[in-house]
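To start, the structure under review is shown below, and the notes come after it.
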Amino acid sequence: MADQSYPAPPYYAVIFTNQRADGDHGYGAMAERMEALAKTMPGYLGFESARNADGFGIAVSYWESEAAIKNWKAKAEHLEAQQKGRAEWYKDYTVRVAKVERAYTMGGR
């Protein structure tokens with residue numbers, strides 16, 4: 001789901017693809033907390049995510065700069081979520097950081 005319009009490029013995208021492990025183990029509550037916390041961070045632009053029935057998901061967060069991404073990655077509560085993700089919530093994941101040079105959209109959405 002998309003949560004907002006984004007500024008004109010360039011900006012950065014952190015693309016997190018993952019395969020969930022079985023069970024919630026507090027994942028839902030932490031995901032909500034991380035989204036709320038990210039929104040308070042300087043340089044945050046937005047978030048989109050989707051998950052299929054087999055547990056494969058993709059989450060994309062958007063940021064003004066690489067420095068903003070580094071600050072988010074180092075946030076204490078986010079570090080805790082990362083540790084729990086490796087230990088309990090994900091079977092596998094990949095993080096990619098990309099610079100968005102161009103963006104297109106279909107009007108009216």
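We did not get these values from a lab; they are worked out from the coordinates using the rules stated. Bear in mind the structure is a predicted one, so any value in this text is a computation, not a measurement. Neighbour counts are summed over all protein chains in view; Cβ atoms, including those assigned to glycine, are modelled from backbone coordinates with ideal geometry.
More than 15 Å from the chain's Cα centre (by Cα), of a type outside the set (Val, Ile, Thr) and closer than 15 Å to Val14 by Cα: does that describe Glu35? Criteria not met by Glu35. Considering every residue within segment 46-58, establish whether at least one is crowded, with 17+ Cβ neighbours inside 10 Å and either closer than 18 Å to Lys99 by Cβ or without any contact (Cβ under 8 Å) to a residue 12 or more places away in the chain (or both). The answer is yes, given that some residue of segment 46-58 is crowded, with 17+ Cβ neighbours inside 10 Å and either closer than 18 Å to Lys99 by Cβ or without any contact (Cβ under 8 Å) to a residue 12 or more places away in the chain (or both).
On the basis of being part of a loop (DSSP other than H, G, I, E, B) and closer than 20 Å to Tyr12 by Cβ, does Thr105 make the cut?
On the way: part of a loop (DSSP other than H, G, I, E, B): yes; closer than 20 Å to Tyr12 by Cβ: yes.
Here the answer is yes, as Thr105 does meet what is asked.
Which residues, taken from segment 1-42, are in contact with a strand residue (DSSP E or B) (Cβ under 7 Å, 6 or more places away or on another chain) and in a helix (DSSP H, G or I)? Across segment 1-42, the qualifying residues are Glu35, Ala38. Against the numbered list (1) of a type outside the set (Gly, Ala, Ser); (2) closer than 16 Å to Val95 by Cα; (3) in contact (Cβ under 8 Å) with a residue 12 or more places away in the chain, Met30 comes up short only at (2). Look at segment 80-99: where a residue is of a type outside the set (A, V, I, L, M, F, W, C) and a partner is surrounded by 15 or more Cβ atoms within 10 Å (Cβ to Cβ) and part of a helix (DSSP H, G or I), sitting 6+ places away or on another chain with Cβ atoms under 9 Å, you get Glu80/Met30; Lys84/Tyr27; Lys84/Met30; Gly85/Tyr27; Gly85/Met30; Glu88/Tyr27; Tyr93/Gly85. Scanning segment 56-78 for residues that are of a type in the set (S, T, N, Q) and part of a helix (DSSP H, G or I) yields a count of 1.
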